[in-house]
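FYI, it's all coordinate maths here, none of it is from the lab. Predicted model only: the values in this text are computed from it and were never measured. Cβ coordinates were reconstructed from backbone atoms using ideal geometry, including for glycine residues, and neighbour counts include every protein chain displayed.
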Amino acid sequence: MKKVIFIFLISSLALGCKNDKKKESQEAVVESEDGITAKQKDGLTLLKGEFVYYADAAVLQTHAEVYAVVIDDKMHELDNLVQKYKQEATDMIPVEIRGKITPKPDDEEGWPYRVEIKEILNVFQPDPKDNNVIKLGN
């Protein structure tokens, strides 16, 4: 089972390499005296990428890195939000989150970094032109 998940994640990484269009935020940003916003002081990182939760493994793939996602209540909340956009269980859905990035413990297998979701900002409908579907079979 671990081999199937590993193959799935490697395949999604290879197929997911593409140029992402950047969207500018339309909300007003209030800076303090030192030029840093309140959200920049909280230690969280804004991440935009494709999310998938399958067979007890959650992954967030950004344009630069792949992160293991800590499985907790926020991850399950995000998974519930992406379900309406999924055609297949293995579909990767574009999301925008804020989270805490930490290196994985040395005694664990997996991606070098993991992210704990603290805030879910957006869930986007996948672009129908992107046909990055991975089918798992026996």
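Suppose every Lys and Arg Cβ carries +1 and every Asp and Glu Cβ carries -1, with no other charges. What dipole size does the stretch 47-138 come out with about its Cα centre, to the nearest 20 debye?
Numbers: 11 positive and 18 negative charges, 67 e Å.
With only Lys, Arg, Asp and Glu charged at Cβ, the dipole is about 320 debye.
Ranked by the mean number of other Cβ atoms within 10 Å of their residues, highest first, the peptides 99-107, 117-125, 49-57 come out as 49-57, 117-125, 99-107.
In the stretch 33-127, the inverse of the mean reciprocal separation of distinct Cα atoms equals 13.9 Å; this is its Kirkwood hydrodynamic radius. On full extension, the segment bounded by Val70 and Tyr113 gains 14.4 nm, given 0.36 nm per residue less the C-alpha separation.
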